[in-house]
Amino acid sequence: MKHFLRVVTQFFVFLYCKCLWRGLKFVVRRLTGRCELQRICYNNKPGARRTLKIESSMRYSKYELLQSALSIHPDKVEKTINDIMALKKINPDTNPQLGISLQASLLQIVGYRSLMAAVEKLRREPYDCENTEHENMLMKLWKELRPDTPLTGRISKQWCEIGFQGNDPKTDFRGMGLLGLQNLLYFAEHDKPTALQMLQDSLQPKHNELNNPDWEQKNPDKAIGYSFAIVGINITDLAYSLLVSGALKTHLYNVAPEMPSLQHFQQTFCYLMQEFHRFWIEEDPSDIMEFNRVRSKFHRRILRQLKNPDMALCPHFAASDLHLVNM
């Protein structure tokens, strides 16, 4: 019965998309004298609200040109916009702002795809201890987070001081590859005071604000912080899942004037790290074993925020140089 209802639902959705929806668009165009892309650009402010609707309109268009435009190379965006204007019989001289708006939105759309490819490439690149560049990045991470403490050796228990699990950090990068290391290093380099403060907080007992008698009444074995580097890799995974699922489009379309870049993704990671730190303190978990529960709850919270098309995750760190699109 469930299968039958699903088939019937899919049929009516198909009927709506193929017939009723297109028929409605035809009627509205006759009444307004504007195609759907024009109406979207003129009736929606710049950013995710506009770009998401343009992306949907092009994806479900009957024209191959509009469908294929979503996956073109960024260098072909300008020509593609000209072709779309010609196909829709829109005079660019009398509608100059339309071409500019469409180009900005299409650059955001294809830029998001390019960003996903770049992030995926980094994620799939495993940490290689024989690679000098990889090793230099890891050593630099140590120096940024422990500037006054020399590392006694490449394989050392000291790595636990910045939140790795064992003597060799390379084993902790397996899930996120080089992406995890790059994100941690970006955070440590571009907002060092915040990263150092978070690291210090993570190493302290959660109830360190208590005086000694009160502290002794607590269970100090459970009142602990978290592993900074491991949490950073986990938050990298969270940011990656938001990107791949498309949930991050809302944020990136609102903050990237044109093409979202790897820097936008790294800045988003820094924001998520700080917000998770605050969220961890608010949740007040009994011990580190509650990490997955807290992480899942935090993930759901971010997803709810990103459902608002006007949402921009506003970073509160010095590296932030994000501005709302105004085109």
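The values are calculated or read from the model by the stated rules, or taken from the named source; none is laboratory data. Quantities reported herein were computed from a predicted structural model and do not represent experimental measurements. Reconstructed Cβ throughout: ideal geometry from the backbone, glycine too, with neighbour counts over all protein chains shown. Protein only, heavy atoms only, side chains kept; ligands, DNA and RNA dropped before computing areas. Shrake-Rupley method; radii C 1.70, N 1.55, O 1.52, S 1.80 Å.
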Could you tell me whether segment 305-312 includes any residue that is at pLDDT below 95, open to solvent by less than 30 Å² (accessible area, probe 1.4 Å) and closer than 29 Å to Arg113 by Cβ?
-> yes
Restricting segment 30-85 to residues that are without any contact (Cβ under 8 Å) to a residue 40 or more places away in the chain and in contact with a Pro (Cβ under 8 Å, 6 or more places away or on another chain), the one least open to solvent (accessible area, probe 1.4 Å) turns out to be Met85
Going through segment 240-251 one residue at a time, which ones are closer than 13 Å to Gln305 by Cα and either of a type outside the set (Gly, Ala, Ser) or in contact with a Lys or Arg (Cβ under 7 Å, 6 or more places away or on another chain) (or both)?
-> Leu242, Leu248, Lys249, Thr250, His251
Of all the residues that make up segment 99-120, how many are farther than 21 Å from Leu262 by Cβ and crowded, with 22+ Cβ neighbours inside 10 Å?
-> 2
Subset of segment 183-206 [in a helix (DSSP H, G or I) and either open to solvent by 40 Å² or more (accessible area, probe 1.4 Å) or hydroxyl-bearing (Ser, Thr, Tyr) (or both)] | Tyr186, Glu189, His190, Lys192, Pro193, Thr194, Leu196, Gln197, Gln200, Asp201, Ser202, Leu203
Taking segment 105-148 only, how many residues are part of a helix (DSSP H, G or I) and either of a type in the set (Lys, Arg) or within 17 Å of Glu36 (Cα to Cα) (or both)?
-> 8
Flagged pairs (Cβ under 7 angstrom, 6 or more apart or on separate chains; first in segment 151-165, among the hydrophobic types (A, V, I, L, M, F, W, C); second open to solvent by 60 Å² or more (accessible area, probe 1.4 Å)) are Ile155/Asn167; Trp159/Asn167
Could you look through segment 152-176, keep only residues that are buried (at least 21 other Cβ atoms within 10 Å of the Cβ) and touching a Ser or Thr at 6+ places or on another chain (Cβ under 8 Å), and pick out the one that is farthest from Ser202 (Cα to Cα)?
-> Met176
Near pairs, Cβ below 7 angstrom, 6+ apart or cross-chain, from segment 110-131 (free of Cβ contacts under 8 Å to residues at least 40 places away in the same chain and closer than 17 Å to Ile233 by Cβ) to any residue that is surrounded by fewer than 16 Cβ atoms within 10 Å (Cβ to Cβ) and among the aromatic types (Phe, Trp, Tyr) | none
